[in-house]
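Have a look at the structure below before the remarks.
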Amino acid sequence: MGVSVLEARDVVREFRGGDGALLRVLDGVSLTVEAGEMVAVVGASGAGKSTLLHVLGALDRPTRGEVRVGGESLAGRSDEALAAVRNRAIGFVFQFHHLLREFSALENVVVPQRILGVAPAEAAARARHLLDLVGLGARAHHRPAALSGGEQQRTAVARALAVGPSVLLADEPSGNLDHANAERLHDLFADVAHRHGTGMVVVTHNRSLAARADRVLRLEDGRLVPAELAAGETVDAAGVVA
């Protein structure tokens, strides 16, 4: 048995629609992610994949059920306490990198460490190490505008890893990249999970990225079900495995 870094237990998330009707997006989702494990989540557009990531990452609260990060329950915590968990234990990579454009790649990776009180020299040294890890050591002092789309997204991965999170959550991380840059990013995700022991949940429509995962799950009718990708299978633009 591995070490569990992320757990969801019977998670329900409901929203009140404009007509007053109750919409259940997540309906009893349960998931356990171990250290070093990469889990891909596929599903049709609008199935609730981003909602799932927001709940797992303490950006949103479940209507019912429980999320645990590093064995610690998030239930009943204040907004400030949830923010502390996010800053300390969870890394996020989104389809759009959201880098600070006035800062260099190095400075972007330093920022989350400084927020946690890491000393400047230590934060800079770790940032340089992480940029080397993602293949951008020579581009450390370039601002985002001088980096390609793939380089910007790899900087975002380095930033997500800056505080040594136990969990990395990614929402369509290669959605805006060309094939070559997407493949390089996919290799990086697999390396981060398998060689560096980070638990990972990746929402994706990309079959190549899903195929690198240890498990592939489909979000369907508010629940996670196995969706193994055998040879020759694809995930179409609607998230359907065929």
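Just so it is clear, none of the values below were taken in a lab; they were calculated from the coordinates. Worth saying up front: this structure is predicted, and the values here are computed from it rather than measured. Heads up, the Cβs are rebuilt from the backbone with ideal geometry, glycines too, and the neighbour counts pull from every protein chain shown.
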Candidates 116, 23, 185, ranked by Gaussian network fluctuation over the chain, Cα under 10 Å, top entry:
23
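Determine the shape class of the stretch 57-188: with a ≥ b ≥ c the square roots of the Cα gyration tensor eigenvalues, call it rounded for a/c under 1.5, and otherwise prolate if a/b is greater than b/c, oblate otherwise. Please list the in-between numbers first.
Numbers: a/c = 2.31, a/b = 1.46, b/c = 1.58.
Here the stretch 57-188 falls in the oblate category.
What does the highest-first list of 100-113, 196-209, 58-71 look like by mean Cβ count within 10 Å? Can you show the working numbers first?
On the way: 100-113: 19.4, 196-209: 22.5, 58-71: 17.2.
So the peptides 100-113, 196-209, 58-71, ranked by packing, come out 196-209, 100-113, 58-71.
Report the charge-dipole magnitude of the stretch 4-226 in Debye, nearest 20, computed about the Cα centre from +1 at each Lys and Arg Cβ and -1 at each Asp and Glu Cβ. Walk me through the numbers on the way to the answer.
Working: 26 positive and 26 negative charges, 49 e Å.
Dipole magnitude for the stretch 4-226 comes out near 240 debye.
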Could you grab the relative contact order for the stretch 4-226? Cα pairs under 8 Å, six or more apart, rounded to a whole percent.
31
Dipole check, the chain, charges on Cβ (K,R +1; D,E -1), about Cα centroid: among 23, 113, 161 the Cα furthest to the positive pole belongs to 113
Search the structure for amide H atoms under 5 Å from the amide H of residue 30, placed 1.01 Å from N in the peptide plane, and list their residues when 5 or more places away or on another chain.
10, 11, 224
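With the Cα gyration tensor of the stretch 145-197 giving a ≥ b ≥ c as the square roots of its eigenvalues, does the rule (a/c under 1.5 for rounded; else a/b larger than b/c for prolate; else oblate) give rounded, prolate or oblate?
On the way: a/c = 2.04, a/b = 1.48, b/c = 1.38.
Judged from the Cα gyration tensor, the stretch 145-197 comes out prolate (a/c at least 1.5, a/b above b/c).
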